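Take a look at the structure set out below.
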Amino acid sequence: MTASIETVPSTSSRPAASSGPMSEELERRALLRSRFISRHLVPNVIRVLLIVLLIGLWQIGTNAKVLDSFTLGSPHGIWKSFAMSVADGSIVTDCLSTLSSTVVGFVIGSALGVLSGLALWFVPKVMRLIDPIVVTLNGLPKIALGPLIIIWFGSGKVSKIILAAFATFIIALLNSCEGSAKVNEESVSLVRSMGASKWQLFAKVIVPSSMPWIISAFRVNVGLALLAVIGGEFISADAGLGRKAAVAGNLYDLNGIWVSVLLILVLAALLNVVVSWVARRIEKIV
């Protein structure tokens with residue numbers, strides 16, 4: 001009589017859990033996390049540490065009288081000036097005035113420039129005729145027109161918007177003209193051979209092909225618009241960061257100047273981020 005022997009399957013003989021896709025997903029996430037840390041987190045941490053070190057050395061130098069706080073300012077003095085501007089509410093008024101004038105001038109000037117540049121594709125003779133004039137105007141420092149525009153339109157926001165619009169109009173016009181003129185001739189010939197009208201050719205080929213040039217103009221124009229507004233506020237304004245910096249300069253208030261400069265840098269960075277995001281959205285749509 002033989003005893004029955006029960007065999008218990010060992011854990012090694014059991015089918016492995018379906019962890020293939022799971023492990024691949026975990027590896028992918030780990031790789032993305034590692035890339036993010038190496039490409040973004042670590043460089044940004046290093047940048048922040050360098051800035052903190054520079055500010056610390058600056059403050060130590062002014063405390064030790066090695067650096068002259070009257071001609072250079074000091075981090076502590078800049079913070080006190082910033083806190084005073086926040087307390088009296090002037091910083092909000094100045095930032096909103098500069099930001100709104102920049103955005104409105106940028107939108108108006110860029111839109112008119114793009115529409116005008118694309119419209120000139122229909123009349124190439126006019127494009128060739130005005131091209132030297134536009135190029136000459138582009139070489140003109142726009143701030144040179146500031147006193148005239150302020151005399152004509154006053155020292156309020158309207159004159160700053162006009163300055164920003166003029167500065168951005170020229171670049172948008174030139175880029176749109178250049179983009180529409182450099183469209184691939186093979187694409188144009190192909191669409192024409194299919195019986196497309198001039199309007200269809202314009203909508204289906206010219207505009208999409210010009211988009212990289214137009215987006216490039218947008219990225220340049222946002223800085224030009226801010227520069228024009230700040231320049232106009234330096235000349236004459238009721239409010240704005242340019243006016244704040246000019247007043248602080250007349251009073252030899254280095255800390256107030258630094259506050260204005262740093263806020264302008266923040267606005268410039270914010271505007272560049274927004275314009276880059278909009279540009280990416282346009283590229284996906286087109």
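So between Phe70 and Gln200, what do we pick up on full extension, going 0.36 nm a residue minus the alpha carbon distance? Before the final figure, lay out each step's value.
Working: separation 130, 0.36 × 130 = 46.80 nm, distance 6.46 nm.
Separation in residues times 0.36 nm, less the Cα-Cα distance, equals 40.3 nm.
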Computed for segment 156-286: size of charge dipole around the Cα centre, +1 on C-beta of each Lys and Arg, -1 on C-beta of each Asp and Glu, debye to nearest 20, value 340 debye
On each of the three principal axes the extent of the alpha-carbon atoms of segment 143-233, given in whole Å and largest first, is 55, 21, 17
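Relative contact order of the chain: what whole-number percent is it, with Cα pairs under 8 angstrom and at least 6 residues apart?
Taking the mean separation of contacting Cα pairs over the length of the chain, I get 22 percent.
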Distance from segment 138-200 to segment 48-91 (C-alpha centre basis), Å: 42 Å
Give me the accessible area per residue for segment 176-270, probe 1.4 Å, as a whole number in Å². 52 Å²
Have a look at Ile171, Phe122, Leu99 and report the one farthest towards the positive end of the charge dipole of segment 70-172, computed about the Cα centre with Cβ charges (Lys/Arg +1, Asp/Glu -1). Phe122
Mean projection of the alpha-carbon convex hull of segment 85-241 over all orientations, in nm²? 10.2 nm²
Compactness check, segment 165-284: C-alpha Rg relative to the 2.2 N^0.38 Å globular estimate gives 1.51
Net charge, Ile143 excluded, C-beta distance under 14 Å - Lys, Arg +1, Asp, Glu -1: +1
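Once every DSSP H run of n ≥ 4 in the chain is given -39500 (n - 2.57) and the sum is divided by its residues, what mean residue ellipticity at 222 nm do you get, rounded to the nearest 500 deg cm²/dmol?
-26000 deg cm²/dmol
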Express the accessible area of segment 55-169 per residue in Å², computed with a 1.4 Å probe while the remaining protein chains stay in the model. 56 Å²
Dipole magnitude of segment 221-286 about its Cα centre (Cβ charges: Lys, Arg +1; Asp, Glu -1), debye to nearest 20: 300 debye
Note: segment 32-126, point scatterers on Cα, Debye, no solvent; log10 I/I(0) at q = 0.14, 0.16 Å⁻¹ equals -0.87, -0.91
If each K or R counts +1 and each D or E counts -1, the residues other than Glu233 whose Cβ falls under 11 Å of its Cβ total +2
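Just the number, please: carbon plus sulfur as a percent of the accessible area of segment 142-194, 1.4 Å probe, no ligands or DNA/RNA counted. Kindly include the intermediate steps, with their values, before the conclusion.
Working: 1780 of 2710 Å².
C and S atoms contribute 66 percent here.
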Taking the Cα centre of segment 131-202 as origin and charging only Cβ (+1 Lys, Arg; -1 Asp, Glu), how large is the dipole, in debye to the nearest 20? 320 debye
Total lysine pairs under 24 Å (Cα atoms) in segment 127-261, excluding pairs fewer than 8 apart on one chain: 7
Among Ile133, Asn44, Val191, pick out the residue whose Cα is farthest towards the positive end of the charge dipole of the chain, where Lys and Arg carry +1 and Asp and Glu carry -1 on C-beta, about the Cα centre. Val191
So the carbon and sulfur contribution to the accessible area of segment 50-114, 1.4 Å probe, in percent, is 80 percent
Rounded to two decimals, what ratio of Rg to Rh does the chain give with C-alpha atoms and a Kirkwood Rh? 1.24
Beta carbons within 10 angstrom, averaged per residue: use that to sort the peptides 115-123, 64-72, 46-54, 157-165, highest first. 157-165, 115-123, 64-72, 46-54
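Expressed as a whole percent, how much of the Cα-Cα distance distribution for segment 235-286 exceeds 18 Å?
49 percent
The values are calculated or read from the model by the stated rules, or taken from the named source; none is laboratory data. Since this is a predicted model, take the numbers as computed values, not measurements. All Cβ positions, even for glycine, are placed from backbone atoms using ideal geometry, and neighbour counts span all protein chains on display. Protein only, heavy atoms only, side chains kept; ligands, DNA and RNA dropped before computing areas. Shrake-Rupley method; radii C 1.70, N 1.55, O 1.52, S 1.80 Å.
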